[in-house]
Each structure stands twice: as C-alpha cells, then as structure tokens.
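Take a look at the structure set out below.
The values are calculated or read from the model by the stated rules, or taken from the named source; none is laboratory data. Owing to the predicted nature of the structure, the values given are computational and were not obtained by experimental measurement. When we count neighbours, we look across all protein chains shown, and the Cβ atoms used for this are built from the backbone with ideal geometry, even at glycine.
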Amino acid sequence: MQERLQKILSQAGIASRRESETIITDGRVAVNGTVVTELGAKADPETDSITVDGKAVTIDEKRVYVLLYKPVGYMTTMKDPEGRPIVTDLLTGIKERVYPIGRLDYNTEGLLLLTNDGALANTLMHPSHEVDKGYLVRVSGHVSPHQIKMLSEGVKLEDGMTAPAKVLPVSESEQNCWISITIHEGRYRQVRRMCEAVGLSVVRLKRARYDFLVIGDMKPGEFRLLEPAEVAKLSRKTAAGSGRGPRKTGVLAKRAPVKRR
Ligand code: URA
C-alpha cells in the first residue's frame, strides 16, 4: 500500500515523522534509485526499494495470524467493486493489514485464516502443500451411497477430475441431509461444483476445519489470534516440504457433533 515517505520512515524506526521530513528534504531518501525531496511523495514499502543514505529501509511489522469465522454475506477480497462487506471489516482492533489465505465464496461460511505473513500465506496456498479443508454441506433431499462414492472417488469438473476426497454422511431430516467433505485441493467453488456434478443441490456450506484448526463453538463473525504454538505447527508443516501429514479421518475428526436440523 502506498504511504507517505515520512510515515514509512517513522514506521521503520528511522526517525520521528517530523525528523523524517527533514531527512527527505535534505535529499537523503531515494525511491527505486531516484532521490525524492518532496514531502507529499508516496511509496509502497512492500514493492518499492526505499533507501536512506543508500541503506535499505525495512519495516519490521509484527506478524499477525487471525482465525475468523466468516459469516455468509462477506467477500474474501480486500475491496469489493459492488460495495459488499469484506471480511476485514469484521476484524475490529487488528491494526495490521492482514490478507485472507485463500477464498471462501460470498455464500460460504466458516474458517478463514488471515495474516500479514506473506511467505506463510503463499506456502499454505501452494498446491504442493495441499492443506486439508473440511466442509459441512447441507444439501436438499437425500444423498445416496452412490453419490457419496462418486464424491469420494473424484468427479469430473470442467477443469478436470477432482482428487479423492473423504466424504461421510452426518445427519438427515426429511428435507435435508448434512454430509462432510474433506478435500485438499482449492479450486474455485470446488465443493459446490462437486455436489452439482453428482446431482446434489447445496443449501448451506460451512468450512469447519482448516488443517488442524477446527471451528469448535466459534460463532459467525468471531475471530481469534492463533496461539504461537499453532503458528509454529503451521510453519513446521510447510517447512517440511509436502505439507501432507498422516491422513485424518474427515472433517468430523476433531469437533463437536453436528445436531440434526
Ligand atoms: N468450495 C466451494 O464451493 N466454496 C467455497 O467457498 C469453498 C470451497
């Protein structure tokens, strides 16, 4: 994000904002190799090379990791051209600029991780890390064993076959059925498209697990910071290379039972 140079210098701990103005007007600051002396000038500390007296300026921002229960009706983008609410609107009190790791559809609810740790975010989103994501899906009507089998073995979508998934029936009423689907891919609207492909109509979609992080009794709109041990576990996992630990037994492996609705 573009910021005034004096703000960047003070955030980087070079000097106070007032002193930074003098440093700028004295011609000691360069942006991408060009000396800048105007006080209104802006730069982006993430993408521009900023130097003072030839030395690189770096902002050591505190790393923040947020686990949010995204409610339905929020966009996982940083801005919405249609003016719809965005997930970061919910993060009251978080000063750092955090970004969602991956996406959940506007109409999907559930666990979403946000961070300003670009390296960890990129690693977790990379297909080679294949983090398990567990979804609870309410579909209208009933789900047959054959549909469960097809979802589990992989279904053909426009962008190719889906990888095998862990699919389990959870509960059913006369009108609806809940199933759990655990996937490690992260294709666009994947769970909805998988269900459509086998003739199921999704009425509600909730991500209840992201790797070892489970939704537990969090409520829509609630968020918490990850514990240092949780961050370490995620980082260890990604540092390990493949990121695939031993397979877990589905979205219900570690969470409160889903009640019949
Ligand atoms: N699959 C979907 O269809 N939507 C999501 O938001 C996440 C997974």
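Restrict the check to region 143-163 and report whether at least one residue is of a type outside the set (A, V, I, L, M, F, W, C), outside any loop (DSSP other than H, G, I, E, B) and modelled with pLDDT under 95. Scanning region 143-163 turns up no residue that is of a type outside the set (A, V, I, L, M, F, W, C), outside any loop (DSSP other than H, G, I, E, B) and modelled with pLDDT under 95. Any residue that is within 16 Å of the ligand (Cβ to nearest atom) and loosely packed, with under 15 Cβ neighbours inside 10 Å - is there at least one of those in region 106-116? Scanning region 106-116, I find at least one residue that is within 16 Å of the ligand (Cβ to nearest atom) and loosely packed, with under 15 Cβ neighbours inside 10 Å, so the answer is yes.
Name the residue that is farthest from the ligand (Cβ to nearest atom), counting only residues in region 194-216 that are surrounded by fewer than 19 Cβ atoms within 10 Å (Cβ to Cβ) and of a type in the set (Gly, Ala, Ser). Only one residue fits best here, namely GLY216. The set of residues in region 13-39 being in contact with a strand residue (DSSP E or B) (Cβ under 8 Å, 6 or more places away or on another chain) and closer than 23 Å to GLU96 by Cα consists of ILE14 alone.
I'd like to verify a number: residues in region 170-188 that are under 12 Å from ARG138 (Cβ atoms) and more than 16 Å from the ligand (Cβ to nearest atom), how many? The qualifying residues number 7. Whenever a residue of region 188-202 is within 16 Å of GLY134 (Cα to Cα), its partners that are within 9 Å of the ligand (Cβ to nearest atom) and among the hydroxyl-bearing types (Ser, Thr, Tyr), lying with C-beta atoms within less than 6 angstrom and at least six residues away or across chains, give the pairs VAL191/TYR135.
Of VAL167, VAL143, VAL191, all but one fail to be more than 13 Å from the ligand (Cβ to nearest atom) and under 26 Å from the mean Cα position of the chain (by Cα); the exception is VAL167.
Looking at region 54-65, can you tell me whether even one residue there is farther than 15 Å from LEU5 by Cα, of a type in the set (Asp, Glu) and loosely packed, with under 13 Cβ neighbours inside 10 Å? Yes, that holds for at least one residue.
Is at least one residue of region 217-227 on the phi < 0 side of the Ramachandran plot, within 16 Å of the ligand (Cβ to nearest atom) and buried (at least 21 other Cβ atoms within 10 Å of the Cβ)? The answer is no; no qualifying residue exists.
For region 12-42, name all the residues that are within 20 Å of LYS62 (Cα to Cα) and within 33 Å of the chain's Cα centre (by Cα). Answer for region 12-42, where residues must be within 20 Å of LYS62 (Cα to Cα) and within 33 Å of the chain's Cα centre (by Cα): ALA12, GLY13, ILE14.
Put simply, of SER140, SER144 the only residue that is without any contact (Cβ under 8 Å) to a residue 40 or more places away in the chain, out of contact with any Phe, Trp or Tyr (no Cβ under 9 Å at 6 or more places or on another chain) and surrounded by fewer than 19 Cβ atoms within 10 Å (Cβ to Cβ) is SER144. Taking residues in region 39-56 that are aliphatic (A, V, I, L, M), and partners anywhere that are assigned to a loop (DSSP other than H, G, I, E, B), the pairs with Cβ atoms closer than 6 Å and at least 6 places apart or on different chains are ILE50/VAL57; VAL52/ILE14; VAL52/ARG28.
Could you please give the count of residues in region 1-50 that are in a strand (DSSP E or B) and among the basic types (Lys, Arg)?
2
Go through (1) at pLDDT 95 or above; (2) away from the ligand (no atom under 16 Å from the Cβ) one by one and return the number of the condition ARG97 breaks. ARG97 satisfies every listed condition except (1). When THR92, THR88, THR77 are checked against the criterion of being part of a loop (DSSP other than H, G, I, E, B), polar (S, T, N, Q) and surrounded by 13 or more Cβ atoms within 10 Å (Cβ to Cβ), THR77 stands alone in meeting it.
Looking across region 117-133, just one residue is free of Cβ contacts under 8 Å to residues at least 24 places away in the same chain and surrounded by 15 or more Cβ atoms within 10 Å (Cβ to Cβ), and that is ALA121.
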